[in-house]
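Have a look at the structure that comes next, please.
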Amino acid sequence: MPQNSKRHNALRFAIFNHKGGVGKTTLTVNVAAALASLGKRVLLVDTDPQCNLSSCLLEESVLDDLLANSDLTNGGTIWSAIKPVAEGLGEVGELEPVELSIENLFLACGDIRLSEFEEELTGFWSECLQRKMRGLRGTMALSSLVNQICTDQQIDIVFYDCGPNIGPLNRVILLDCDGFIVPAACDQFSLRALRTMGSTLTSWISQWSLISKLAPEDMYLLPGLPRMLGYIPQRFKVYRGVVSQAFAGYLAKIERRIVSDLITPLRKIDSKLASSSLEVNKLGQIKDFGTIANASQVQGVPMSEVDAGTPEQRADARRAFHQIAKKILERSK
Amino acid sequence: MTKLQAKLVDDLVELYVANRDEVALALEQLRGQILADKELGKYIHSIKWRIKDPEHVRDSLERKIKYAKDKQLRFEITRDNFFTEFYDLAGIRILHLHTQQMEFIDKALKNRLDEARYQLIGEPTARTWDDETEAYFEKIGIKTKKSETLYTSVHYVLQTFSKSKYTCEIQVRTLAEELWGETSHTINYPEETSSVSCKEQLAVLARVTSAATRLVDAIFRSHREHLDNTKRDIKTARKPATPKATAPKRRAN
């Protein structure tokens, strides 16, 4: 697609935390499915080279086939379309997303070889700072691909599923997003991660602002202003309807860190980047759903649809994710 | 200077300091483009670059205000147009050996600026005081401006084609012109020297450096001609001699 074409108006989100194992993928699948059930056409973009999202949602044989042929020009993964740019041989190719069994839900399939693109992104970034067209085009490649899919499939909402790191691939993803959501597990490592997340995000935003101010005026560029939509405490234990004491302690700590390490530095750049109210920022909370959470991963369907657990558990999950989905829509108005 | 003007100067200097990183990056990007150009590389001896010191910006603004007042002109710089109207916040100087390289430098530089998406503001202008050099610049299509101060250089003013617009100035001059320029600048900046003797000697130095540049032009022309002649001689020497006429074969009776 031409590099100077306009950005498609679908909203783009990432569920982002570079700390691994906080339930990003599970949250992405369930929130996206909730939004799809509200009638939104949702595209999931699996940008984690580990492809957890793709392997969760696709039959093993389908995924194996896509990965085996992804190097071909008509391959069906994100790598297939991005490859010409990564190898410096041309423009972003076309990609048809996989239409999932859940209505309104589409998947741009991940690929282990996205790590090769990620290596190139480091060079592209320094070329952006030098105002070199090659670097600017390379940095825009993934966003251009998402534009193309959104136009073809009339997508309303995009969810990127990010790998657990603060590397150059997540940098272009976050800068492409209209908003991001922070899942936070209730443990010591998650608390620590919040600090690096705040400083990393602010440095990405400031650097890109400098790059885009000096880039050729008519180029298609990343918007570069991801708003924090909120955070979601995850997987805490509930005992007889009450949050257990140890987790309650962590919840309070998480809230303090969210304000000091994330909201405050973001608002220093631009007050529109985060709300100062903790109430607004708390999008919901996801308790440890146990059996149905595991079943959701294995069966590749949202927790509300799994063939496991009790009807109450499934209804409980449906309520929790619908509430989050609605809050996301509200917050991104 | 009125109180209002003094306040404006303060504001503009503050605005500059707040955006200095951006100006510096814009300059770095332009420098990278020039250094990466292979064609320009054939002619460039060396490059100097700088962004203006905030106190020099202040001096320069105050001088411009005074000049406008003396000539009864409007002082046009405001907060809104500061970065585009103040031409040399960022500057690059390209040094080369002799004047006759200019037609190639001009072409390569314009190509590179075009490719890298910069816009030239106005036409490049050569400051010159010597008739022969003036005629050369006009012949290769570069506008000239008579230099009363004996200063010589070709100036390009360009703007970044981007959301934040910055102007940068590129000066192109020969090494000998640089010797005069730097000597004159050191003696006459920020205040012009009052020594008649220094002025006299600078005027003579201008003739000497102009003659030096002219001499380098001549040396390179002679050198090229010499190489061409030598090549021709070698070619002629290698040419096979015309075969000797052989005696007609006798017909057998």
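The values are calculated or read from the model by the stated rules, or taken from the named source; none is laboratory data. Keep in mind the model is a prediction, meaning the values are calculated, not measured. Note that we place each Cβ from the backbone using ideal geometry, even for glycine, and neighbour counts take in every protein chain shown. Ligands, DNA and RNA are stripped out before the accessible areas are found, and what is left, the full protein with its side chains, is counted by its heavy atoms. Shrake-Rupley method; radii C 1.70, N 1.55, O 1.52, S 1.80 Å.
Using only Cα atoms, tell me the angle between helix A:245-257 and the longest principal axis of chain A; keep it within 0 to 90° and round to the nearest 10.
Orientation of helix A:245-257: about 40 degrees from the principal axis.
Same structure, new question: Work out from phi, with θ = phi - 60° and the Karplus expression 6.51 cos²θ - 1.76 cosθ + 1.60, the ³J(HN,Hα) of each residue of region A:306-318, listed in order in whole Hz, and give x for Gly and Pro.
5, 9, 5, x, 9, x, 5, 4, 5, 5, 4, 5, 4
Using only the Cα atoms of region A:11-331, build the gyration tensor, take square roots of its eigenvalues as a ≥ b ≥ c, and label the shape rounded, prolate or oblate: rounded if a/c is under 1.5, else prolate if a/b is larger than b/c, else oblate.
On the way: a/c = 1.96, a/b = 1.23, b/c = 1.59.
Taking the square roots of the gyration eigenvalues as a ≥ b ≥ c, region A:11-331 is oblate.
For region A:90-96, in order, what is each residue's ³J(HN,Hα) by Karplus, 6.51 cos²θ - 1.76 cosθ + 1.60 with θ = phi - 60°, in whole Hz (x at glycine and Pro)?
x, 8, 4, x, 8, 9, 9
Another question about this same structure. With a/c under 1.5 counting as rounded, go ahead and sort region B:79-203 into rounded, prolate or oblate using the C-alpha gyration tensor (a ≥ b ≥ c being the square roots of the eigenvalues; past the cut-off, prolate if a/b is larger than b/c, else oblate).
It comes out oblate by the Cα gyration axes.
Determine the gain in length on full extension of the stretch residue A:119-residue A:69; use 0.36 nm per residue of separation and subtract their C-alpha separation, reporting nm with one decimal.
On the way: separation 50, 0.36 × 50 = 18.00 nm, distance 2.13 nm.
Result: 15.9 nm gained on full extension.
Explain nothing, just compute: Karplus ³J(HN,Hα) = 6.51 cos²θ - 1.76 cosθ + 1.60, θ = phi - 60°, for every residue of region A:174-182 in order, whole Hz, x for Gly and Pro.
The phi angles translate into 4, 6, 8, 7, 7, x, 9, 10, 9 Hz.
Per residue in region B:1-32, which ones lose no less than 50 Å² of accessible surface when going from chain alone to all protein chains (1.4 Å probe)?
Those are B:22, B:25, B:29, which lose 50 Å² or more relative to the chain on its own.
Let me ask you something else. So how tilted is helix B:196-238 from the main axis of chain B? Cα-based, degrees 0 to 90, rounded to 10.
30 degrees
Can I ask one more? If you take the charge dipole of chain A about its Cα centre, with +1 on Lys and Arg Cβ and -1 on Asp and Glu Cβ, which of A:263, A:229, A:290 is farthest toward its positive end?
Value computed over the given set: A:263.
Further question on the same structure: Counting only other chains, what is the mean number of Cβ atoms within 10 angstrom of the Cβ of each residue in peptide B:153-162?
Numbers: counts 0, 0, 0, 0, 0, 0, 0, 6, 6, 10.
Shielding by partners across B:153-162 averages 2.
To continue, here is another question. Determine, from the Cβ-Cβ distance of residue B:110 and residue A:151 and an R0 of 22 Å, the FRET efficiency 1/(1 + (r/R0)^6), rounded to the nearest 0.05.
With R0 = 22 Å, the Cβ-Cβ based efficiency is 0.05.
Follow-up question, since we're still on this one. Is the C-alpha gyration tensor of region A:99-153 telling us rounded, prolate or oblate? Criteria: a/c under 1.5 is rounded; beyond that, a/b larger than b/c is prolate, otherwise oblate.
In terms of gyration-tensor shape, oblate.
On to the next question. Please list, or write none, the lysines whose alpha carbon is within less than 18 Å of the alpha carbon of residue B:231, excluding same-chain residues fewer than 8 places away.
Of all the lysines, those that pass the test against residue B:231 - Cα under 18 Å, at least 8 places apart if same chain - are B:239.
Starting with the highest mean, order A:122-129, A:103-110 by the number of other Cβ atoms within 10 Å, averaged over the residues of each peptide.
Highest mean packing first, the order is A:103-110, A:122-129.
So, in nm, how far is label residue B:237 from label residue B:175 when the simple model puts each one 7 Å beyond its Cα toward the Cβ?
Going from the residue B:237 label point to the residue B:175 one covers 3.1 nm.
Sticking with this one: Could you pull out every residue, at least 5 positions away or on a different chain, whose amide H is within less than 5 Å of the one on residue B:120? Hs are placed 1.01 Å off N in the peptide plane, and Pro or chain starts have none.
B:159
Let me ask something additional. What does the charge dipole of the protein assembly as shown about its Cα centre add up to, to the nearest 20 debye, if the Cβ of each Lys and Arg holds +1 and the Cβ of each Asp and Glu holds -1?
So the magnitude is around 1140 debye.
Could you sort the residues of region A:176-216 by number and keep only those whose accessible area is reduced by 50 Å² or more in the all-protein-chain setting relative to the chain alone, 1.4 Å probe?
A:210, A:213, A:214
Here's a follow-up. Near the amide H of residue A:158, under 5 Å away, which other amide H atoms are found, from residues 5 or more places off or on another chain, if H is placed in the peptide plane?
Amide H neighbours of residue A:158, under 5 Å, 5+ apart: A:11, A:12, A:13, A:43.
In nanometres, what is the gap between the two model label sites at residue A:264 and residue A:246, each 7 Å from Cα along Cα-to-Cβ?
In this crude label model, residue A:264 to residue A:246 measures out at 2.9 nm.
Another question, if that's okay. Nearest 5 is fine: what % of DSSP beta bridges in chain B come out antiparallel, could you say?
Among the beta bridges of chain B, antiparallel pairing accounts for roughly 60 percent.
Round to the nearest 0.05 the FRET efficiency obtained for residue A:133 and residue A:256 when R0 = 41 Å and r is the Cβ-Cβ distance. Walk me through the numbers on the way to the answer.
Working: r = 45 Å, r/R0 = 1.09.
The calculated FRET efficiency here is 0.35.
How far is helix B:3-18 tilted, in degrees, relative to the longest principal axis of the Cα atoms in chain B, given as a value from 0 to 90 rounded to the nearest 10?
Between helix and principal axis, roughly 50 degrees.
Which parts of region A:125-155, residue by residue, lose 20 Å² or more of accessible area when the rest of the protein chains are there, as against the chain isolated (1.4 Å probe)?
Buried on complex formation: A:129, A:130, A:131, A:132, A:133.
Give the lysines reachable from residue B:163 as a straight Cα distance under 18 Å; neighbours fewer than 8 places away on the same chain don't count.
Candidates past the 8-residue exclusion: A:6, A:132, A:213.
How big is the A-B contact in terms of buried accessible area, both chains counted, 1.4 Å probe, rounded to the nearest 100 Å²?
Numbers: alone 14590 and 16610 Å², together 29810 Å².
It comes to approximately 1400 Å² buried between A and B.
Still on this model: Charges on Cβ only, +1 for Lys and Arg, -1 for Asp and Glu, centred on the Cα centroid of region A:136-218; of A:145, A:216, A:184, which one is farthest towards the dipole's positive end?
The listed residue farthest towards the positive side: A:184.
What is the packing order of peptides A:249-260, B:65-76, taking the mean over residues of other C-beta atoms within 10 Å and listing the highest first?
Details: A:249-260: 16.6, B:65-76: 10.8.
Ranking the peptides A:249-260, B:65-76 by packing returns A:249-260, B:65-76.
Something else about it: At 1.4 Å probe radius, can you tell me the per residue accessible area of the protein assembly as shown in Å²?
About 51 Å² of surface per residue is accessible.
Starting from the Kirkwood radius over alpha-carbon pairs of region B:1-72, derive D by Stokes-Einstein at 20 °C in a medium of 1.002 mPa s and give it in µm² s⁻¹.
Working: Rh = 14.7 Å.
Reported coefficient: 146 µm²/s.
Where a Cα-Cα gap under 20 Å defines reach, which lysines qualify for residue A:327, not counting those fewer than 8 residues away within the same chain?
Partners within reach: A:24, A:40, A:272, A:282, A:287.
Can I ask one more? Run through the DSSP bridge list for chain A and note the antiparallel percent, rounded to the nearest 5.
Once the DSSP bridges in chain A are tallied, antiparallel ones form about 10 percent.
Of the heavy-atom accessible surface of chain B (probe 1.4 angstrom), what whole percent is carbon and sulfur?
That fraction is 53 percent.
While we're on this one: Which percent of the accessible area of chain A is formed by carbon and sulfur heavy atoms (probe 1.4 angstrom)?
Values: 6890 of 13870 Å².
Accessible surface attributable to carbon and sulfur in chain A totals 50 percent.
Rg and Dmax of chain B, using alpha carbons, in Å: what are they?
So, for chain B, Rg and Dmax equal 26.0, 121 Å respectively.
What full-extension length gain, to one decimal in nm, is calculated for residue B:191 and residue B:221 as 0.36 nm per residue of separation minus the Cα-Cα distance? Walk me through the intermediate numbers first.
Details: separation 30, 0.36 × 30 = 10.80 nm, distance 4.02 nm.
Gain on extension, residue B:191 to residue B:221, equals 6.8 nm.
Work out, in µm²/s and without decimals, the Stokes-Einstein translational diffusion coefficient of the protein assembly as shown at 25 °C, 0.890 mPa s, Rh from Kirkwood over C-alpha pairs.
Roughly 85 µm²/s, to the nearest whole number.
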